[in-house]
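Below is one structure, written out as structure tokens; the observations come after it.
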Amino acid sequence: MLERIEQLDRESQADLAQVQDAAGLEAFRIKYLGSKGAVKTLMGLLKDVPGVQKPAFGQGANALRQKLEAAFEDKKANMTGSDGKPSVSTPNAQGKIPGGRLPGEQLPGVDITEPGLPPRLGREHIITQTIDELVEVFGRMGFDVATGPEVEDERHNFVALNIPPEHPARDPLDNFYLDSNHLLRSQTSTIQVRVMEKTQPPVRVVAMGRVYRPDAHDATHYSMFHQVEGLYVDRKVSMVDLKTTLIQFAHAMFGPEADVRLRPSFFPFTEPSAELEVKIELQGQMRWMEIGGCGMVDPNVFKAVGYDPEEWTGFAFGLGIERLAMRKYGIGDIRWLFENDVRFLRQF
Ligand code: DAH
């Protein structure tokens with residue numbers, strides 16, 4: 001019985017040596033390794049083998065099957081293309097052929113000629129793009145960029161900005177307090193104070209950054225958003241300078257047809273104060289949308305930072321960057337900006 005194994009071994013070796021193309025190799029596979037092939041038949045004989053020879057026969061047949069499978073894979077790897085001919089490549093000067101193989105080296109199990117998958121390129125978030133644009137627009141008007149910390153103390157977030165202790169904006173429920181004196185800043189006006197504390201006038205800065213308020217999330221509110229703050233201090237600054245600056249800004253940002261208006265309002269750190277509104281289309285209707293506050297710097301703010309309010313005048317403004325971006329790109333819901341859904345973000 002064991003001779004049957006040896007015989008099959010010799011026969012298959014001779015057959016494999018004759019194989020020259022893919023069709024021949026497939027015929028070899030079917031003849032020896034197929035579901036009705038010689039190896040299967042050999043295994044089928046096991047039940048007729050006398051008991052003492054069974055283990056030896058089983059092992060021998062298994063070994064042959066493995067040997068044939070390996071020889072088949074080997075031969076297959078040495079063939080390329082549908083013609084089944086071994087690959088013929090011309091070595092370059094280093095003795096390597098294009099693709100980095102040595103002549104005769106086996107092809108790996110991957111098709112190295114297949115075009116690669118293009119990597120998906122990322123891009124800046126729409127808020128970052130808007131911040132860059134703001135830096136650019138205000139930069140052209142002569143504003144430098146200032147920054148400040150997101151964890152602030154009460155002096156910079158409220159006291160120096162003329163916001164008294166009983167003011168509703170200081171309510172602990174309307175702020176993210178960290179301890180009795182520190183909170184996540186609720187406005188970028190803090191940076192006005194920081195800039196004036198360390199610079200002598202004249203001052204012309206813009207500052208962009210995150211602010212935090214425990215607002216319930218809806219289409220126009222989020223507990224974190226961004227503001228752009230502006231501060232201009234010099235002698236004889238007037239409301240005309242403020243309005244001209246904001247109109248120029250709106251035209252640069254939204255185009256020359258953009259309509260803006262100032263609506264009288266109140267902020268503790270400006271006097272007089274106004275709300276800046278831009279005309280936008282909402283649900284098919286043209287409406288005024290508030291994009292921020294502004295006004296002439298209150299003398300009490302100048303006193304708090306050691307500027308003489310008799311000598312210095314100034315204007316300030318603070319605008320919501322999400323609102324600017326939503327107005328500019330027609331985004332209907334602020335939450336979309338922070339969900340990190342690439343299908344939304346990659347449109348911009
Ligand atoms: N800080 C105000 C807010 O968050 C916005 C603001 C209003 C900023 C008037 C200013 C300003 O600089 O002059 O609601």
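The values are calculated or read from the model by the stated rules, or taken from the named source; none is laboratory data. Nothing here was measured: the structure is a model prediction, and the numbers come from that model. So basically every Cβ, Gly included, is an ideal-geometry build from the backbone, and we count neighbours across all protein chains shown. We work out accessible area using only protein heavy atoms, side chains counted, and drop any ligands, DNA or RNA first. Shrake-Rupley method; radii C 1.70, N 1.55, O 1.52, S 1.80 Å.
Of the residues screened, VAL206 is not one that is surrounded by 14 or more Cβ atoms within 10 Å (Cβ to Cβ) and more than 11 Å from the ligand (Cβ to nearest atom). Annotation: VAL240 fulfils all but one of (1) open to solvent by 40 Å² or more (accessible area, probe 1.4 Å); (2) of a type in the set (A, V, I, L, M, F, W, C); (3) within 14 Å of the ligand (Cβ to nearest atom); the unmet one is (3). Residue pairs whose Cβ atoms lie under 9 Å apart, sitting 6 or more positions apart in sequence or on different chains, and linking a residue in segment 316-338 that is within 22 Å of ILE247 (Cα to Cα) to a partner that is within 16 Å of the ligand (Cβ to nearest atom) and open to solvent by 60 Å² or more (accessible area, probe 1.4 Å), are GLY320/GLU290; GLU322/THR220; ARG323/THR220; ARG323/GLU290; MET326/THR220. Within segment 263-272, not a single residue is at pLDDT below 95 and of a type in the set (Lys, Arg). Quick check on segment 171-193: of everything there that is away from the ligand (no atom under 13 Å from the Cβ) and in a helix (DSSP H, G or I), which residue is farthest from ASP215 (Cα to Cα)? Going through the qualifying residues, I end up with PRO172.
With respect to PHE176, determine if the residue is open to solvent by less than 60 Å² (accessible area, probe 1.4 Å), modelled with pLDDT of 95 or more, in the same structural domain as GLY318 (by TED's automatic domain parsing) and among the aromatic types (Phe, Trp, Tyr).
Details: open to solvent by less than 60 Å² (accessible area, probe 1.4 Å): no; modelled with pLDDT of 95 or more: yes; in the same structural domain as GLY318 (by TED's automatic domain parsing): yes; among the aromatic types (Phe, Trp, Tyr): yes.
So PHE176 fails the test.
Mind listing whichever residues of segment 288-334 are among the charged types (D, E, K, R), within 29 Å of the chain's Cα centre (by Cα) and over 20 Å from GLN227 (Cβ atoms)?
Of the residues in segment 288-334, the ones among the charged types (D, E, K, R) are 290, 298, 303, 308, 310-311, 322-323, 327-328, 333.
Now restrict to residues that are within 29 Å of the chain's Cα centre (by Cα): 322-323, 327-328, 333.
Of everything in segment 288-334, nothing turns out to be among the charged types (D, E, K, R), within 29 Å of the chain's Cα centre (by Cα) and over 20 Å from GLN227 (Cβ atoms).
For segment 108-144, name all the residues that are open to solvent by 60 Å² or more (accessible area, probe 1.4 Å), free of Cβ contacts under 8 Å to residues at least 40 places away in the same chain and under 24 Å from ASP341 (Cβ atoms). Within segment 108-144, LEU117, PRO118, PRO119, ARG120, LEU121, GLY122, GLU124, ASP132 qualify.
Return the only residue of PHE225, PHE249 being part of a helix (DSSP H, G or I), within 16 Å of the ligand (Cβ to nearest atom), surrounded by 16 or more Cβ atoms within 10 Å (Cβ to Cβ) and of a type outside the set (A, V, I, L, M). Please lay out each step first, then the result.
Values: PHE225 fails: part of a helix (DSSP H, G or I).
Just a single option satisfies the conditions, and that option is PHE249.
If you take the residues in segment 252-280 that are charged (D, E, K, R) and away from the ligand (no atom under 16 Å from the Cβ), which one is surrounded by the fewest Cβ atoms within 10 Å (Cβ to Cβ)?
Restricting attention to segment 252-280, the residues satisfying the condition of being charged (D, E, K, R) are 257, 259, 261, 263, 271, 275, 277, 279.
Restricting the remaining residues to those that are away from the ligand (no atom under 16 Å from the Cβ) gives 257, 259, 279.
On the way: GLU257: 7, ASP259: 13, LYS279: 16.
Per the stated criteria, the residue is GLU257.
Collect the residues in segment 298-318 that are near the ligand (Cβ under 10 Å from one of its atoms) and either outside any strand (DSSP E or B) or open to solvent by less than 10 Å² (accessible area, probe 1.4 Å) (or both), keeping them in residue-number order.
Residues of segment 298-318 near the ligand (Cβ under 10 Å from one of its atoms): 298, 301, 314-318.
Across segment 298-318, the qualifying residues are ASP298, VAL301, GLY314, PHE315, ALA316, PHE317.
The C-beta contact set for segment 145-167 (first residue in contact (Cβ under 8 Å) with a residue 60 or more places away in the chain and of a type in the set (A, V, I, L, M), second residue in a loop (DSSP other than H, G, I, E, B) and open to solvent by less than 80 Å² (accessible area, probe 1.4 Å), distance under 6 angstrom, 6+ apart or interchain) comprises LEU161/SER189; LEU161/PHE269; ILE163/PRO268.
Filtering segment 18-49 to residues that are among the β-branched types (Val, Ile, Thr) and under 56 Å from the mean Cα position of the chain (by Cα) leaves VAL19, ILE30. Looking across segment 292-315, the residues that are touching a helix residue (DSSP H, G or I) at 6+ places or on another chain (Cβ under 7 Å) and within 19 Å of ASP241 (Cβ to Cβ) come down to CYS294, MET296, VAL301, TYR307, PRO309, TRP312, PHE315.
Residue-level check: of (1) over 25 Å from the mean Cα position of the chain (by Cα); (2) within 24 Å of GLU290 (Cα to Cα), GLN200 misses just (2).
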